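First the structure, in the form of structure tokens, and then the observations on it.
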Amino acid sequence: MNSQQKTLQKTFKNPHTLMVQGTTSDAGKSILVAALCRILVQNGVSVAPFKSQNMALNSAVTKEGGEIGRAQAVQAQAARLEPSILMNPVLLKPNSDIGSQVIVNGQSIGNMKARQYHEYKPQLLQQVVVVHQQLQQLHPVVIVEGAGSPAEINLREHDIANMGFAEAIDCKVLIVADIDRGGVFAHLYGTFALLSETEQQRVKGFVINRFRGDVSLLQSGLDWLEQKTGVPTVAVIPFIKNLHIEAEDAVNQQQDTSLTAFKVVVPLYPRASNHTDFDVLRLQPQIDCEFVRDATFFNGADLIILPGSKNVSHDLAWLKESGWQPIIERHLRFGGKVLGICGGYQMLGDVIDDPSAVETDLGSCRGLGLLAMQTSLAETKTLTNVTGRCLHSQVQVSGYEIHLGISSGEDLQRPWFEISPQGSDESYLEGAANAEDTVRGTYLHGLLEGDEILEQILNWAGMQEIVGFNYQQFREQQLQRLADEVEKVLPFNTLSQLLELQQPTVEPQIKQRERC
């Protein structure tokens, strides 16, 4: 523990904060935090999720008009809260192999190379600790998600995401490992062994995730692990088949296509962002939605969708170099449709201009030329939740905008929506289409989650006889299913003891099983 952590620990003590760390990335930290939030809130506890530092290209807009990681927005839903910037004070959005846009308290403070950010982190530790305290004043119980692994020795100095944060606020820790990867005991024991003595003392339990089979066969290993570390395994979570919880960053390629008849292809460029926009398409049983990186694997589609991008100019260059431009043009000649969302929308235009080198030093670059419009990038980012209506049908729509730049041009005279920022009476027109209405674009993330507007978009793209699919209801069902399965092996009483809860902080809530 360094001097800064010791100073902070004298100020803050957090028996009602529990931190979930993992032996690796994708060990199950995000979904375990979501499960614990739902278990606690439905048992009467006022709880909120928190992640001091997140690195992800999937993000969400909060009620304050800030930007946080998508995983924390999902965890907020599990806790039955609106997403807040207090839940993720530092977000890193990689825009190159060695650099990221740095977002602090919901707003970008610029781009930093990895070493530059590493040296900047000590200035952030005090900030993330204070934000955590602000959150805990609103919600007495906080479930914190770590990042990566606490055993990354090269990143231990200036750590604000794992044990560095846990030491600073003096909270208890659970460590989760994914047994489906193999080597679970090596992962848990090795991680624990690499911690300092004070860090080891705050580890109060191990959690084994995604177990298949007879749990009694694990017992000898669990006994050995506790004997070696003095730490019990508090839960073995079973492998939950066909569970869908929005991904923090990794692209989920799993999909049942046995009943599909309509093909959607999403080109997956290097810095593609907010690919959770397409989860609803991958879950709709009539749609085969495929992420394709290599253009030579393209085998036809009814609809091509260009997703968002954290570095539009570089991803556009990649798209052209990879052979996607002639494929998209041929797709349109053969009667297909093309939709662009956010950065993908900008790529559809004639020109992307970056005079201030906000994303790249390439300056201006030619777009795909499929929409008569130009985009000029600027340092100020648009961050807003919106609601409105489709101008073609009057169907209600909602979504969120996260983008740099302003688009203008002839095809914006054929707008798609009339929308208003959350809490505002002012409205504006949004979106564009070409004269033939074969190419459309929008800045709205989350648009496809509305079942009525999704049906109309699919109709536009040529799909008929669509079976209704309520994605919002489905997402809620999946969160409840996750919590129910986890509560069987990690019951509320165990959580109460870990969190030193005397009594519920609000009246117990009825579990919403009728939605399932």
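The values are calculated or read from the model by the stated rules, or taken from the named source; none is laboratory data. A quick note: this is a predicted structure, and the numbers were derived from the prediction, not measured. Methodologically, a virtual Cβ is constructed for each residue, glycine included, from the backbone with ideal geometry; neighbour enumeration extends over all protein chains shown. Keep in mind that these areas ignore ligands, DNA and RNA; they rest on the heavy atoms of the full protein, side chains included. Shrake-Rupley method; radii C 1.70, N 1.55, O 1.52, S 1.80 Å.
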Filtering the range 50-86 down to residues that are more than 21 Å from Ala35 (Cα to Cα) and small (Gly, Ala, Ser), which residue is most open to solvent (accessible area, probe 1.4 Å)? Gly65
Hits in the range 419-453 (condition: within 19 Å of Cys289 (Cα to Cα), outside any loop (DSSP other than H, G, I, E, B) and open to solvent by 10 Å² or more (accessible area, probe 1.4 Å)): Arg440, Glu449, Asp451, Glu452
So, in the range 169-210, how many residues would count as being buried (at least 21 other Cβ atoms within 10 Å of the Cβ) and of a type in the set (S, T, N, Q)? 2
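Out of everything in the range 361-383 that is among the hydroxyl-bearing types (Ser, Thr, Tyr) and closer than 23 Å to Gly69 by Cα, what residue ends up being least open to solvent (accessible area, probe 1.4 Å)?
Residues of the range 361-383 that are among the hydroxyl-bearing types (Ser, Thr, Tyr), as a first pass: 364, 375-376, 380, 382.
This time we only want the ones that are closer than 23 Å to Gly69 by Cα, so: 380, 382.
Working: Thr380: 110, Thr382: 48 Å².
Filtering the range 361-383 for residues that are among the hydroxyl-bearing types (Ser, Thr, Tyr) and closer than 23 Å to Gly69 by Cα, the one least open to solvent (accessible area, probe 1.4 Å) comes out as Thr382.
Pick from Pro122, Pro89: which is crowded, with 24+ Cβ neighbours inside 10 Å and in contact with a helix residue (DSSP H, G or I) (Cβ under 9 Å, 6 or more places away or on another chain)?
Result of the check over Pro122, Pro89: Pro89.
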Given the condition among the charged types (D, E, K, R) and under 23 Å from Gln346 (Cβ atoms), answer yes or no: does some residue in the range 449-471 qualify? yes
Give the residue that is least open to solvent (accessible area, probe 1.4 Å), with candidates limited to residues of the range 128-168 that are of a type in the set (D, E, K, R) and under 17 Å from Ser25 (Cα atoms). Glu145
The range 1-119: helices (runs of 4 or more DSSP H) wholly inside it with 3 or more residues that are modelled with pLDDT of 90 or more and farther than 21 Å from Val358 by Cα are 29-42, 70-78
If we ask which residues in the range 392-418 are closer than 24 Å to Leu458 by Cα, at pLDDT 95 or above and open to solvent by 50 Å² or more (accessible area, probe 1.4 Å), their number turns out to be 5
For a quick check of your reading of the model, give me the residue pairs whose first member lies in the range 40-55 and is in contact (Cβ under 8 Å) with a residue 60 or more places away in the chain and within 13 Å of Ile143 (Cβ to Cβ), whose second is surrounded by fewer than 24 Cβ atoms within 10 Å (Cβ to Cβ) and among the charged types (D, E, K, R), with beta-carbon atoms closer than 7 Å and at least 6 apart or on different chains. Val41/Arg80
Give the residues of the range 340-354 that are out of contact with any helix residue (DSSP H, G or I) (no Cβ under 7 Å at 6 or more places or on another chain) and surrounded by 17 or more Cβ atoms within 10 Å (Cβ to Cβ), sorted by residue number. Cys342, Gly344, Tyr345, Leu348, Gly349, Asp350
Please enumerate the residues belonging to the range 56-75 that are free of Cβ contacts under 8 Å to residues at least 60 places away in the same chain and among the acidic types (Asp, Glu). Glu64
Out of the helices (runs of 4 or more DSSP H) lying entirely within the range 299-387, which hold 1 or more residues that are more than 20 Å from Asp277 (Cβ to Cβ) and of a type in the set (D, E, K, R)? 312-321, 324-333
Residue in the range 279-336 that is nearest to Leu368 (Cα to Cα), counting only those that are over 20 Å from the mean Cα position of the chain (by Cα), open to solvent by 10 Å² or more (accessible area, probe 1.4 Å) and hydroxyl-bearing (Ser, Thr, Tyr): Ser322
